[in-house]
Amino acid sequence: MNLTARSAPPAGGFIFMEIRNIAIIAHVDHGKTALTDAILKQTHAAMEGTTMDTNALERERGITIYAKNAAVEYKGTKINIVDTPGHADFGSEVERVLRSIDSVLLIVDAQEGPMPQTRFVLKKSLELGLKPIVVLNKIDKPAADPARSEEQVLELFLELGATDEQSNFPVVYAIGRDGRASLNPDDLLMGADKDLSPLLDLILEKVPAANANADATAPLMLQPFNLAYDNFMGRLAVGRIYEGTIRPNQTVFVKKPNGETRTGRTTKIFTFKGLERVEAAEASAGDIVLIAGLPDIYIGETVTTNESAAPLPAIAVDEPTIALNFVINNSPFAGREGKFVTSRQIRDRLEKELEVNVGLKVDFSGTDSFHVSGRGELHIAVLLENMRREGYELQVSQPHVIIREEDGVKLEPFEEVIIDTPSEFQGAVIEKLGQRAFVLQNLVQFGNIVRLTLEGPTRGLLGYKNMFIIDTKGEGILSSRVTGFKPYAGEIKRRQVGSMISMAAGKALGYSLWSLQDRGQLYIKPATEVYEGMVIGNTSKGEEMLANPTKGKNQSNVRSSGMDEALTLVPIFDLTIERAMEIMSDDEYLEITPKSVRLRKQALTQNDRAKSRR
Ligand SMILES: Nc1nc2c(ncn2[C@@H]2O[C@H](COP(=O)(O)OP(=O)(O)OP(=O)(O)O)[C@@H](O)[C@H]2O)c(=O)[nH]1
Ligand SMILES: [Mg+2]
């Protein structure tokens with residue numbers, strides 16, 4: 001019965017459409033989102049100017065943070081596309097997507113060639129047996145060298161142990177931003193191939209149809225690989241249907257990977273169309289859907305109509321590596337700028353975040369302070385940035401790596417770091433990372449650039465990134481990825497950034513800032529309001545220093561002519577959440593409000609600080 005049903009339209013009178021499921025993967029900035037946007041535009045799935053980077057923070061930073069689904073129709077076939085983030089901190093977003101699609105477009109900037117995250121995402125894809133389509137992108141760049149990049153991509157495939165079939169990859173050349181692709185780079189540059197059809201045709205030809213061998217009449221087997229949240233419907237699961245058909249108001253069994261089973265009932269089903277979700281009466285094997293109605297559903301669980309089915313293999317979600325406390329704001333300025341400041345409000349917000357943010361963990365046992373664990377500084381910083389935009393106000397403590405014990409052995413997270421830097425700076429980089437327990441594993445020279453590969457504890461990287469920018473004069477590129485928990489690497493001396501602490505409350509005055517700026521780097525401008533115990537800058541010598549930024553020019557001084565005009569202030573050190581988390585000390589809090597990011601001592605008066613030191 002199943003065999004005949006397979007080629008017939010599924011029940012409900014829906015037109016049977018072939019489906020292709022792909023993910024777009026690459027190193028950061030190689031053009032994944034621009035290409036996806038162009039596919040949406042060409043297939044009239046979205047209006048011109050629409051972008052997959054729908055989140056405000058994504059648009060502002062120009063990076064993708066969340067993996068997102070879209071679907072287009074091309075020549076009568078539905079193509080489900082998952083655009084993924086390229087930044088290493090969000091690598092786990094990519095990993096869990098790869099399990100649920102059938103092929104990847106590996107985008108490579110034809111000027112830069114393969115970069116660290118290219119290696120990471122390609123490795124994961126090859127391990128899963130996927131056969132990538134390689135897109136050499138940005139061939140319009142003056143220094144683009146598609147032939148060389150293609151060769152480097154092939155080397156990378158071989159190095160990563162690709163099978164013959166995998167390393168015999170199809171190649172397309174593209175100017176993704178302009179929505180053009182070709183099988184021949186010269187044609188493309190000469191103006192032929194005015195759209196992305198050559199790429200889309202290749203997808204139809206090379207990617208296996210997702211519903212070709214799947215049985216729409218078999219019992220349902222579905223696995224979520226992502227979560228979303230809707231104010232009315234609550235938690236939504238984005239999942240791939242492996243077998244069977246799913247409908248609204250359907251009773252299902254939800255199985256954890258260990259076999260534990262509970263029942264649930266779907267309320268609504270959605271499929272993707274362009275960037276939108278559309279309600280569906282049913283969806284069948286091969287498709288990617290959003291399900292509402294299962295409030296406790298989680299990534300990697302199996303949704304099935306067969307109570308005795310074995311669960312699908314688990315999708316590994318990486319463990320958190322760093323932790324810090326989210327504390328209610330008790331600074332003298334608390335409540336001035338934020339709408340949501342209470343412990344209850346912050347708790348509710350974090351609970352909501354846990355619905356969708358799979359790399360995050362929160363311990364709610366405290367009352368005014370919650371212990372939050374995440375996948376890296378950027379992962380936490382993005383959450384904090386989102387919260388302040390929504391009107392929240394809170395403080396956080398210095399981030400620490402998570403140390404755990406297994407069989408009596410103390411373990412901590414380790415990372416592989418890949419650095420591209422002009423060779424003149426390699427000495428400083430190797431030395432500084434060496435002091436932070438990093439071991440050099442590989443060094444390759446390309447012209448004037450060296451690529452260093454090092455491995456060491458995440459702990460050693462905390463607070464390093466600022467130093468790296470200085471040591472490489474802004475020309476270095478650092479990418480890192482967590483390689484796992486390994487035995488504790490021993491003590492690492494963290495270079496203390498000394499704080500310049502305000503001993504007064506009031507408005508900072510230009511004159512006093514002018515006289516303080518020789519002692520270190522300031523975080524505040526004239527007219528900034530300060531309070532006692534607020535950190536207003538760092539000191540160049542690394543010592544703690546008390547200062548009064550509100551002090552005016554001493555009136556009894558003999559007037560020195562031309563003095564006021566000569567008050568040139570050097571640009572301040574702009575305290576962003578990420579930078580502040582890097583430099584803060586463990587006796588400080590970072591105060592975050594919709595309008596301000598301030599560093600402060602936990603104990604505000606010198607007396608209290610002296611007491612807490614004793
Ligand atoms: N010259 C040129 N620039 C391009 C092309 N495609 C994209 N870009 C530019 O490259 C930059 C990064 O593009 P994105 O599409 O955001 O890159 P991404 O891979 O999605 O980046 P992440 O999601 O943050 O990893 C943008 O400024 C694009 O305009 C291209 O074909 N040629
Ligand atoms: Mg992107």
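Worth pointing out:
- Reachable lysines from Lys256, criterion Cα separation under 19 angstrom, eight or more residues apart if same chain: Lys361
- Rounded tilt (10° steps) of 32-42 against the dominant C-alpha axis of the chain: 50
- Selection among Pro549, Ala46, Ile25 by position relative to the dipole of the chain gives Pro549 as farthest towards the positive end (Cβ unit charges, Cα centre).
- 10 °C / 1.306 mPa s Stokes-Einstein diffusion coefficient of the chain, Kirkwood radius on C-alpha pairs, µm²/s: 59
- For the set Arg177, Arg375, the ranking by accessible area, highest first and with no ligand, DNA or RNA atoms included, is Arg177, Arg375 under a 1.4 Å probe.
- Each residue of the stretch 324-338 was assigned a 3J(HN,Hα) from its phi angle through the Karplus expression (A = 6.51, B = -1.76, C = 1.60, θ = phi - 60°), giving 7, 9, 9, 10, 5, 6, 10, 6, x, 9, 3, x, 6, 10, x Hz with x at Gly and Pro.
- Taking 24 Å as the straight-line reach from the Cα of Lys541, the lysines in range (excluding those fewer than 8 positions away in the same chain) are Lys432, Lys465, Lys473, Lys493, Lys525, Lys551, Lys601.
- Two-site FRET efficiency, Leu440 against Tyr229, from Cβ-Cβ distance with R₀ of 45 Å, rounded to 0.05: 0.55
- Seen through its C-alpha gyration tensor, with square-root eigenvalues sorted a ≥ b ≥ c, the stretch 219-367 comes out prolate because a/c lies at 1.5 or above while a/b is bigger than b/c.
- Loop-resident trypsin sites (Lys or Arg not before Pro) (DSSP state other than H, G, I, E or B) in the stretch 475-529 with no more than 10 further Cβ atoms inside 10 Å of their Cβ: Lys493.
- Summed side-chain charge close to His27 - residues other than His27 whose Cβ falls under 9 Å, Lys, Arg +1, Asp, Glu -1: -2
- Size of electric dipole in the stretch 133-268: Cβ of Lys, Arg +1 and of Asp, Glu -1, about Cα centre, debye, nearest 20: 1260
- A 1.4 Å probe run over the stretch 464-614, with the rest of the protein chains in place, finds 55 Å² accessible per residue.
- Pairs from Lys352/Lys410; Lys41/Lys68; Lys75/Lys206 whose Cα-Cα separation, in the structure shown, is over 24 Å: Lys352/Lys410
- FRET efficiency, Val356 to Lys541 (Cβ-Cβ, R0 51 Å, nearest 0.05): 0.70
- Extension gain for the segment Arg61 to Gln521, taken as residue separation times 0.36 nm less the Cα-Cα distance, is 163.1 nm to one decimal.
- Lysines with Cα under 19 Å of Lys123, excluding same-chain neighbours fewer than 8 positions away: Lys32, Lys131
- Charged neighbours of Pro224, selected by a Cβ distance under 9 Å, balance to 0 (K, R count +1; D, E count -1).
- Calculated FRET efficiency for the pair Arg265/Ala428, C-beta based, R₀ 51 Å, to 0.05: 0.25
- Within the stretch 227-323, the chymotrypsin sites (Phe, Trp or Tyr not before Pro) that combine a DSSP coil assignment with at most 14 other C-beta atoms in a 10 angstrom radius are Phe232.
- Signed unit charges on C-beta, dipole axis of the stretch 447-504, positive-most listed residue Ile477, Pro457, Val497: Pro457
- Unit charges at the beta carbon, dipole of the chain: most positive-side option, Ser596, Ser125, Leu290: Ser596
- Loop-resident sites, the stretch 329-373, for GluC sites (Glu not before Pro), counting at most 13 other Cβ within 10 Å (DSSP): none
The values are calculated or read from the model by the stated rules, or taken from the named source; none is laboratory data. Not measured: the values here are computed from a predicted model. Note that we place each Cβ from the backbone using ideal geometry, even for glycine, and neighbour counts take in every protein chain shown. With ligands, DNA and RNA removed, areas are computed over all heavy atoms of the protein, side chains included. Shrake-Rupley method; radii C 1.70, N 1.55, O 1.52, S 1.80 Å.
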